[in-house]
Each structure stands twice: as C-alpha cells, then as structure tokens.
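The values are calculated or read from the model by the stated rules, or taken from the named source; none is laboratory data. Source: prediction; values computed, not measured. Using ideal geometry, Cβ is built from the backbone for each residue, glycine included, and neighbour counts are taken over all protein chains shown.
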Amino acid sequence: MKLADDILVTTSDPSETHMFGLTLAAHAEPGDIICLHGDLGAGKTAFVKGFAEGMGVNPDKVNSPTFTLIHEYREGSIPLFHFDAYRIKNIQEALEIGTEDYLYDDGICLIEWPDKMGSLIPKEAIHIYIEKAGPEIRTFRVTRGT
Ligand SMILES: Nc1ncnc2c1ncn2[C@@H]1O[C@H](COP(=O)(O)OP(=O)(O)O)[C@@H](O)[C@H]1O
Ligand SMILES: [Mg+2]
C-alpha cells in the first residue's frame with residue numbers, strides 16, 4: 001500500500017468502520033502487513049470484516065479467530081491472513097504457529113494484538129491505531145511508522 005502521509009479517519013458507528021476497511025482494501029497490495037492496535041471492542045475485527053469484503057471475501061466468515069490464531073481466506077483477489085494474537089504468549093509460540101510463513105507470503109496480513117508478535121513484525125508494516133472517543137465514535141490513524 002502506498003501511504004504518503006498518515007490517514008486520520010473518525011467513524012460514528014460500526015457500519016462506517018466497515019466502510020473504511022472496505023475502502024482501504026482498494027489500496028492493498030500483495031505482501032502488505034497491517035497491524036491493528038486498540039483495546040478490546042475498539043473495532044479491529046469490524047475493520048477486518050470491511051477490509052475482507054473489499055478483497056472479495058464474504059465478511060460473515062470473518063470473526064475474531066480466538067482459538068484458531070490465524071484464519072486464511074483465499075477466495076478473494078489476494079490471499080488474506082487474519083491473525084488474532086491475543087492468546088499468543090511469546091515470540092517463540094508465534095514462531096511455532098508459522099507466523100513468519102504468513103508474514104513473508106504474497107498475501108495480506110491483518111494482525112490484531114500485534115504487540116504480542118514483538119520483533120517479528122517487519123519495520124515496513126503499516127500500523128493502524130484505533131481509539132474509542134465515545135460509545136460509537138472511533139478514531140483511526142493509519143501510519144507507516146510505529
Ligand atoms: N464506530 C464503531 N466502529 C466499530 N465498532 C463499533 C463502533 N461503535 C461501536 N462499535 C462496537 O464496538 C465493538 C467492536 O467490536 P470488534 O470489532 O470485535 O472489536 P475488537 O476486534 O477491536 O475487539 C462492536 O460491538 C461494535 O458494535
Ligand atoms: Mg477482534
């Protein structure tokens with residue numbers, strides 16, 4: 001994804017977050033790694049559902065993969081790998097589940113709780129910081145840096 005400047009977006013309900021994910025997906029390129037930062041309920045999965053739809057994946061299939069740590073969706077234009085790293089204990093465990101195979105694949109990785117992956121996240125990754133600014137207000141900052 002080409003990103004000249006940070007993108008700042010505010011959404012007012014879940015459907016707007018879905019639309020934002022869908023819109024950003026149009027700019028995705030093979031090999032993109034997108035890290036989603038934000039507390040429980042921030043809207044990370046809501047964003048991923050919209051993004052998946054934008055890639056041609058049925059968004060109803062997308063859920064927080066709490067027990068399966070990585071979900072693969074290959075029905076779209078580019079393979080999509082959705083991580084929920086919440087339950088990963090350490091980098092060793094992240095390596096054991098094959099994280100690097102996904103990170104260096106030509107698919108697109110969307111990673112919830114990326115801090116659990118620590119130094120495994122390549123420095124070129126895109127980071128999206130989500131903040132709750134009200135019951136249904138969420139702010140998104142998309143940036144190349146951390
Ligand atoms: N603007 C918004 N964008 C996304 N989710 C929102 C928004 N406003 C309220 N919500 C609610 O917040 C929750 C977000 O859940 P989810 O996407 O699973 O978060 P996460 O994956 O970050 O834990 C949902 O219950 C959703 O209905
Ligand atoms: Mg989630």
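General remarks:
- Hey, residue 43 crowded, with 23+ Cβ neighbours inside 10 Å and either within 9 Å of ligand 1 (Cβ to nearest atom) or over 23 Å from residue 116 (Cβ atoms) (or both) or not: yes
- The set of residues from the range 8-24 being closer than 23 Å to residue 85 by Cβ and either buried (at least 21 other Cβ atoms within 10 Å of the Cβ) or more than 8 Å from ligand 1 (Cβ to nearest atom) (or both) comprises 17, 18, 20, 21, 24.
- Checking each residue of the range 48-63 against the condition of being under 22 Å from residue 102 (Cα atoms), surrounded by fewer than 21 Cβ atoms within 10 Å (Cβ to Cβ) and within 10 Å of ligand 1 (Cβ to nearest atom) gives at least one match.
- Screening the candidates 131, 112, 136 for the property of being buried (at least 21 other Cβ atoms within 10 Å of the Cβ), modelled with pLDDT of 95 or more, of a type in the set (Asp, Glu) and under 25 Å from residue 22 (Cβ atoms) yields one hit, 112.
- Counting only residues that are part of a loop (DSSP other than H, G, I, E, B) and within 15 Å of the chain's Cα centre (by Cα), the range 99-126 holds 6 of them.
- Of the listed requirements (1) within 16 Å of ligand 2 (Cβ to nearest atom); (2) hydroxyl-bearing (Ser, Thr, Tyr); (3) part of a helix (DSSP H, G or I), residue 129 misses just one: (3).
- Restricting the range 25-40 to residues that are touching a residue at least 24 places away in the same chain (Cβ under 8 Å) and within 14 Å of ligand 1 (Cβ to nearest atom), the residue that is surrounded by the fewest Cβ atoms within 10 Å (Cβ to Cβ): 39
- Of all residues in the range 57-71, those being at pLDDT 95 or above and either among the hydrophobic types (A, V, I, L, M, F, W, C) or touching a strand residue (DSSP E or B) at 6+ places or on another chain (Cβ under 9 Å) (or both) number 2.
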